[in-house]
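Since the structure comes first, as structure tokens, the remarks are kept for the end.
What follows draws every value from the coordinates through simple rules; no lab data is involved. Since we're looking at a predicted model, the values are computed, not measured. Neighbour counts are summed over all protein chains in view; Cβ atoms, including those assigned to glycine, are modelled from backbone coordinates with ideal geometry.
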Amino acid sequence: MSLYVLVTSRPELPIHLGFKRMSDGTYQDLVLHQVSKRTIEYDIRLFLEHELREIREQRSLSLKWPTRDQIQALVELAVPLFIFAATVCRYVGTKGGDPEEYLNKVLEYRKSTFSQLDQTYLPVLNQLLAEQEEEDRGTWLHGLRELVGVIAILESPLSITSLAHLLQIPQKQIRCRLDSLHSVLNIPNSEHVPVRLLHLSFREFLIDPQKQGKSPFWVDEKETHERLASQCLKLMSSPNGLQQNMCNLLVPGTLRSDIDERTIARSLPAELQYTCCYWVHHLEQSKGRIYDRNSVHLFLQKYFLY
């Protein structure tokens, strides 16, 4: 009887050297970017056929949908990005939408002027923008950049509840803004479970410097870091933020290892833990400076030791 273990990772040097020291025959490696294009096409085709068939059956569509030509066109658009196929299927299967119309919209982006990331995410976002009343589009775009930009920039994902406390936006408003973004975000049913990007390529799409002034969905990375740094400082300095003896310990010299994890979680909610860990990172990325009597200086004087 043999035991097989599957390990997936980027080819970082310590991992590469570690496996290299193992005896021959102990392991087999597979480098994804060396997989033949034919194999990738086959896998993506199987995935698309299965997912679109599920949508067809759920929506009682014609057995002729999607056509072979449409599947082939999607395969050609997707290779080698599997996330393209996954995003398209999530988008086409959007509740309340027309799968046939949405698939046609995706295929309209088969132009050389669009990058592969544009072909992946523009159909989704343009559709959402088109669904807004004309006078509301500016507000919707601002809300999208304000919230999704933050989710993309975060160093560690946060739940809807934590995002509401950190950004000082009502929970209900965050939930409403996220409801239409299931094609690009992993949004759990619970408001206490972190919201995550489905794929890091969505972050690259949003903050691409070349899209500045060209894409309505462009997120200013430096400005978003600046906003996050400011919100982190506000939260840590608030009445519900940092204070002496955060965990209400009876003995000041109690070792960290002796403090129950539930006590820490109860005393330091996720958003406050996040701010303590990453406020400096966001400040650094925003190119912000510390000068006399500014918010950073005041925070360091009054709350830093806590």
Anyone know which of Asp118, Asp220, Asp29 comes out most mobile in the 10 Å Cα GNM of the chain? Asp29
By Cβ neighbour count within 10 Å, fewest first, Phe217, Phe19, Phe202, Phe47 rank Phe19, Phe47, Phe217, Phe202
With only helices counted (DSSP H, runs n ≥ 4, each -39500 (n - 2.57)), the per-residue ellipticity at 222 nm for the chain, to the nearest 500, works out to -17000 deg cm²/dmol
With +1 on the Cβ of every Lys and Arg and -1 on the Cβ of every Asp and Glu, the dipole magnitude of the chain about its Cα centre, in debye rounded to the nearest 20, is 420 debye
Given the pairs Lys64/Lys172; Lys105/Lys214; Lys64/Lys105; Lys214/Lys287; Lys211/Lys302; Lys211/Lys287, which are separated by over 30 angstrom at their Cα positions? Lys64/Lys172; Lys211/Lys302
Reachable lysines from Lys37, criterion Cα separation under 22 angstrom, eight or more residues apart if same chain: Lys111
Among Gly143, Leu129, Ile71, the residue whose Cα sits farthest towards the positive end of the charge dipole of region 51-188 (+1 at Cβ of Lys and Arg, -1 at Cβ of Asp and Glu, taken about the Cα centre) is Ile71
Using the charge dipole of the chain (Lys, Arg: +1 at Cβ; Asp, Glu: -1 at Cβ; taken about the Cα centre), state which of Leu117, Cys232, Thr254 has its Cα farthest towards the positive end. Thr254
Pick out which of Arg53, Arg203, Arg293 has the largest mean-square fluctuation in a Gaussian network model of the chain, springs linking Cα atoms closer than 10 Å. Arg293
Contour excess over end-to-end distance, with Cα ends at Arg90 and Leu305 and 0.36 nm allotted per residue: 72.7 nm
Honestly region 52-155 on the Cα gyration tensor test (a ≥ b ≥ c root eigenvalues; a/c under 1.5 rounded, otherwise a/b vs b/c for prolate or oblate) is just prolate
Gyration tensor (Cα only) of the chain to equivalent ellipsoid, semi-axes in Å sorted down, yields 40, 28, 19
Kirkwood Rh, Cα Rg: Rg to Rh for region 134-211? 0.95
What nm distance separates the two modelled labels at Leu3 and His182, each placed 7 Å from Cα along Cα→Cβ? 4.0 nm
Given charges of +1 on the Cβ of Lys and Arg and -1 on the Cβ of Asp and Glu, with all other atoms neutral, how large is the dipole of region 36-121 about its Cα centre, in debye to the nearest 20? 80 debye
